[in-house]
Amino acid sequence: MPYLTVPLTNARLRRTISAWLVGVSIASALTAVSGAAAHAQTQPRPAVEAAPQAVPGFWDPRRRPDRPDMSRLTVIRFLTETDYPPFNFTGPDGNPAGFNVDLARALCDEIKISCTIQMRRFETLVDAITSNRGDAIIASMAVTPALRARVDFTDPYYRAPARFVSRRDAVMPEVRPEYLEGKKVGVIGGTSHEAYLKAMFTDAEIKSYPNDDALRLALRRSEVDFIFGDAISLAFWINGTDSAECCAFSGGPFVESRYFGEGIGIAVRKGNDLLRTSLNWALFRIWEKGRFTDLWLRYFSISPF
């Protein structure tokens, strides 16, 4: 593969999200609702992102899946990761919690089936599925050709988009290559984000940085006009204390699969088409009823999309 992809499961995003959660109790994170984001927009700030409450939806209402015969399903044993907040973590009561866990419970409720949710180290999840120690992995697992050789995936239920961030007094509602001519754009060196900038934004002055901390500090100090990177980690940074309310998204998300992956799906054992199609049907139903939107806004007050 010519480019280094940066899936949501990487260590850099884990550190970013963990830093955002410092000083915030798990209980308060679980009870956050979309109204908090709406309240934040009422504060006097020079500029805010164009669509802070955008919610991803990768389901076409014109392609309503047929309800499969799920009479042979008796239980779904979900597996998830142990420590990847706010997607997966251990709740105050010691039980699995997080966005993926709540989504799994919503799927079980829609299918009307009993489910269990077990937490395991991320690197053990695929082996556990292939050895029949679980039925489905819901752990922010990026769909890749290598993983497709070992497991099957549902339709994506979210993606890891890329976005530009600028200082709040220089937000652009739309970002095109011609708009960034001569602009300084920071990016982490050696990533798919850098490859995308070099291929598509050829007239920008691209400056590479070794890590997130150096990249974001450069923007805070106005050493660059924009930074470009993983939108989910950037959303947590924008909304956290480390940013000191300096910055906001400019333009919308970039989701080209060649650079930013096929999306995040639920993994099942190879050939388990009954479970895969049942989960696809349930995902569509949850989205159609608005439950996916409610769940997304509960965990993401500033949307990466």
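The values are calculated or read from the model by the stated rules, or taken from the named source; none is laboratory data. Remember, predicted model here, so these are calculated numbers, not experimental data. Glycine also receives a Cβ, built like all others from the backbone with ideal geometry; neighbour counts cover every protein chain displayed. Surface accessibility is based on the protein's heavy atoms, side chains included, excluding ligands, DNA and RNA. Shrake-Rupley method; radii C 1.70, N 1.55, O 1.52, S 1.80 Å.
Things to note:
- Boolean, THR130 is free of Cβ contacts under 8 Å to residues at least 24 places away in the same chain and not acidic (Asp, Glu): no
- Exactly one residue among ARG105, ARG72 is closer than 19 Å to ARG269 by Cα and open to solvent by 10 Å² or more (accessible area, probe 1.4 Å), and that residue is ARG72.
- Members of the stretch 68-125 found to be at positive phi and either assigned to a strand (DSSP E or B) or over 19 Å from the mean Cα position of the chain (by Cα) (or both), listed by number: GLY94, LYS112
- When the stretch 260-279 is filtered for residues that are open to solvent by 20 Å² or more (accessible area, probe 1.4 Å) and modelled with pLDDT of 95 or more, the ones remaining, listed by number, are ARG269, LYS270, GLY271, ASN272, ASP273, LEU274, ARG276, THR277.
- Residue in the stretch 178-198 that is among the hydroxyl-bearing types (Ser, Thr, Tyr), in the same structural domain as LEU279 (by the TED database) and buried (at least 21 other Cβ atoms within 10 Å of the Cβ) present: no
- Members of the stretch 102-137 that are closer than 19 Å to LYS289 by Cβ and not charged (D, E, K, R): LEU103, ALA104, ALA106, LEU107, CYS108, ILE111, ILE113, CYS115
- For MET172, the conditions (1) within 21 Å of the chain's Cα centre (by Cα); (2) in contact (Cβ under 8 Å) with a residue 60 or more places away in the chain; (3) outside the structural domain of CYS108 (by the TED database) all hold with the exception of (1).
- Within the stretch 222-259, the set of residues being of a type in the set (D, E, K, R), surrounded by fewer than 24 Cβ atoms within 10 Å (Cβ to Cβ) and modelled with pLDDT under 95 comprises ASP242, GLU245, GLU256, ARG258.
- 1 or more residues hydroxyl-bearing (Ser, Thr, Tyr) and farther than 23 Å from TYR158 by Cβ: qualifying strands (runs of 3 or more DSSP E) within the stretch 176-234: 205-209
- The set of residues in the stretch 165-177 being touching a helix residue (DSSP H, G or I) at 6+ places or on another chain (Cβ under 8 Å) and open to solvent by less than 50 Å² (accessible area, probe 1.4 Å) consists of VAL165, SER166, MET172.
- Single residue of THR144, THR116 found to be of a type outside the set (D, E, K, R), under 18 Å from SER278 (Cα atoms) and either surrounded by 14 or more Cβ atoms within 10 Å (Cβ to Cβ) or in contact with a Pro (Cβ under 7 Å, 6 or more places away or on another chain) (or both): THR116
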